[in-house]
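The values are calculated or read from the model by the stated rules, or taken from the named source; none is laboratory data. These numbers were taken from a predicted model, which means no experiment stands behind them. Cβ placement follows ideal geometry from the backbone for every residue including glycine, while neighbour counts extend to all protein chains displayed.
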Amino acid sequence: MQLRKLIPALIPALALSLVGVTPAHAEEEYRRGPAPTNSSIEASRGPFATSSTTVSSLVSGFGGGTIYYPTSTSEGTFGAVAISPGFTGTESTISWLGPRLASQGFVVITIATNSLYDQPDSRASQLLAALDYVTQRSDVRSRVDASRLGVMGHSMGGGGTMRAAEQRPSLQAAIPLTGWHTDKTWGGNRVPTLVVGAEDDTVAPVSSHSIPFYTSLPSTLDKAYLELNGASHFAPNSSNTTIAKYSIAWLKRFIDNDTRYEQFLCPSPANSSLISDYRDTCPHGV
């Protein structure tokens, strides 16, 4: 009898104890690193010390590569990102992104493709195979939260990024960099996508690639289009602060659910000597 009397009295206390279990609390759960500043996400290295390990070219599903990862696990597991080079490009063409993103709190695999001439859909399969390798078989799998994954890629690797996101809607983020694909319509994509184009791209002109990619994505999707002012198709092949800054913000916002990075995405950055066009669906996550 005493227990039956006690239960009603406990219900209000239990309800109060659950107040903290809110979406905002869930977002905070995956925060990694200190509060960001403009300087911190433009820096060549973030707050995490990193290390790397080589993936053999004999691995199944893709052509091998390099995994970059934070050395400390004191803040828990990390989201992971796979990055593909473009047509005839080697892993070295996108390797600068590995340590730069890892130092911000991600496990990053930069891949070599099975062939230098692999088409975008093949690169999509290889990006997904690389994520599966990182989360299931790699030496750093215990550092990775397999529910928080993203893909990136340059040129045909960017086209592969679009296809990978379409094929695996459980991904949290996609960033095609001066992407190329014969398919221009991506209405079935459900992954938050940052499309990066280059104003002076003559290989994958923004008018026939990046802009149609962006506009074909659902209007209800969290998406953005960033156009690099005066840049060529090969801008992502060397260290680029603008690409890094907005990629970090996008990955943090959607892989880590870290709303502290929304400030760099919304309101939209103005056109400048670095950005010739920017479009978005701000605010994100609504």
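The residue that is nearest to TYR246 (Cα to Cα), counting only those in the stretch 58-98 that are touching a Lys or Arg at 6+ places or on another chain (Cβ under 7 Å) and of a type in the set (Ser, Thr, Tyr), is SER84.
For every residue, the table says whether it meets (1) closer than 28 Å to ALA164 by Cβ; (2) at pLDDT 60 or above.
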position: GLN2; (1), (2): no, no
position: LYS5; (1), (2): no, no
position: LEU18; (1), (2): no, no
position: GLU27; (1), (2): yes, no
position: TYR30; (1), (2): yes, yes
position: ALA43; (1), (2): no, yes
position: THR50; (1), (2): yes, yes
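If you go through the stretch 188-205 and keep only what is touching an Asp or Glu at 6+ places or on another chain (Cβ under 7 Å), buried (at least 24 other Cβ atoms within 10 Å of the Cβ) and either acidic (Asp, Glu) or part of a loop (DSSP other than H, G, I, E, B) (or both), you end up with just PRO192. The residues on offer are SER122, SER138, and the sole one that is in a helix (DSSP H, G or I) and surrounded by fewer than 23 Cβ atoms within 10 Å (Cβ to Cβ) is SER122.
Is the stretch 79-99 home to any residue that is of a type in the set (A, V, I, L, M, F, W, C), under 27 Å from ALA249 (Cβ atoms) and part of a helix (DSSP H, G or I)? Yes, some residue in the stretch 79-99 is of a type in the set (A, V, I, L, M, F, W, C), under 27 Å from ALA249 (Cβ atoms) and part of a helix (DSSP H, G or I). Count of the stretch 206-233 residues, restricted to those that are assigned to a helix (DSSP H, G or I), more than 19 Å from LEU171 (Cβ to Cβ) and of a type in the set (A, V, I, L, M, F, W, C), is 1. On the basis of being outside any loop (DSSP other than H, G, I, E, B) and more than 14 Å from the chain's Cα centre (by Cα), does PRO236 make the cut? When the stated conditions are applied, PRO236 passes them.
Residues that are in contact with a Pro (Cβ under 9 Å, 6 or more places away or on another chain), assigned to a strand (DSSP E or B) and not small (Gly, Ala, Ser) were ranked within the stretch 38-69; the one that is surrounded by the fewest Cβ atoms within 10 Å (Cβ to Cβ) is THR50.
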